1. Please work out whether the range 152-226 counts as rounded, prolate or oblate from its C-alpha gyration tensor, where a ≥ b ≥ c are the square roots of the eigenvalues and a/c under 1.5 means rounded, while otherwise a/b larger than b/c means prolate and anything else oblate?
2. Based on the Cβ-Cβ distance from THR104 to ASP204, what FRET efficiency comes out when R0 is 22 Å, to the nearest 0.05?
3. If Lys and Arg each add +1 and Asp and Glu each add -1, what is the summed charge of the other residues whose beta carbon sits under 14 Å from the beta carbon of ARG217?
4. How much net charge surrounds ILE112 when only other residues with a Cβ under 13 Å from its Cβ are counted (Lys, Arg +1; Asp, Glu -1)?
5. Within 10 Å of each candidate Cβ there may be at most 11 other Cβ atoms; applying that plus a DSSP loop requirement, which chymotrypsin sites (Phe, Trp or Tyr not before Pro) in the range 124-226 survive?
6. Tell me, what % of the accessible area of the range 43-148 is carbon and sulfur with a 1.4 angstrom probe?
7. Roll a 1.4 Å probe over the protein chains and send me the accessible area per residue for the range 101-169 in Å².
8. Roughly what % of DSSP beta bridges within the range 73-226 run antiparallel, to the nearest 5?
Amino acid sequence: GELLNLVSKTVSRNARESEGRQRRLGTMGACLSAPPPQQQGAQYRPPAVSAAAARQEALFFPDAAMPCHRWMRGQRCTRKHCDYSHQHTSLSKLVWRLGEARSTLDVCVFTISCKEIFDAIVAAATRGVRVRVVTDDEKMQDQGSKAFNLKAQRGVEVRNDRNERSHMHHKFAVVDGRMLLNGSFNWTRSAVLTNRENVVISHDPYLVADFANEFNRLWEEFKYNR
């Protein structure tokens, strides 16, 4: 009886040690830049916050680096030495907010040259969202301007101020008529990485309505400027 108990204990101990080795081996070689396990195979999501904080949020720039595109898509980064960010940034949060659009996306900005933001706008149009963009006529012609490229995108309507004496200098967007993105932030790569900027995200119905009315007023005013 004692011999049988000894054999049983030895087998159990060996099984536990083997299971422990397998768990340790399973974590070896994992990409350190990969997103958390819950994000694997899914689109990027910002860090969890309270319901109140999710409705009112402030983003501040500059970011330390541009976000890794594979990480943003919830995929593993395969670069051996990736210089892009693999954590939540102000830009990644802003792009995610634009990605929430399901019916309408009204963008009113001085200039657009950030590819990540451009891609988010085009993706919204591809989903069937009605996308309208108001921008400055001079900045549309700048080298590297994405606002000009948006005119060629199916489902995206673009209008400008066509005014040589002043600028259309707003920097805001209204998502689905219920969320406002507004601040000093120019939608450019240089603003992401070098400027002291901010974006306030608000679901306040009065603020959203005021900015939606301003957008619609400009949209009507610039109806011949395409």
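The values are calculated or read from the model by the stated rules, or taken from the named source; none is laboratory data. What you see is a predicted model; the values in this text were computed from it and never measured. Cβ placement follows ideal geometry from the backbone for every residue including glycine, while neighbour counts extend to all protein chains displayed. Ligands, DNA and RNA are stripped out before the accessible areas are found, and what is left, the full protein with its side chains, is counted by its heavy atoms. Shrake-Rupley method; radii C 1.70, N 1.55, O 1.52, S 1.80 Å.
1. Details: a/c = 1.62, a/b = 1.11, b/c = 1.46.
Cα axes put the range 152-226 in the oblate bin.
2. Numbers: r = 18 Å, r/R0 = 0.81.
Using R0 = 22 Å, I get an efficiency of 0.80.
3. Working: positive: ARG132, ARG159, LYS223; negative: ASP106, ASP161, ASP210, GLU214, GLU220, GLU221.
Local net charge: -3.
4. In short, +2.
5. Numbers: sites: PHE148, PHE172, PHE185, TRP187, TYR206, PHE211, PHE215, TRP219, PHE222, TYR224; in loops: PHE185, PHE222, TYR224.
Passing both the DSSP loop test and the Cβ count: TYR224.
6. Numbers: 2580 of 5150 Å².
Carbon-and-sulfur percentage of accessible area, whole number: 50.
7. Working: 3440 Å² over 69 residues.
That works out to 50 Å² for each residue.
8. Working: 13 of 24 bridges.
Expressed as a percentage, antiparallel bridges in the range 73-226 total about 55.
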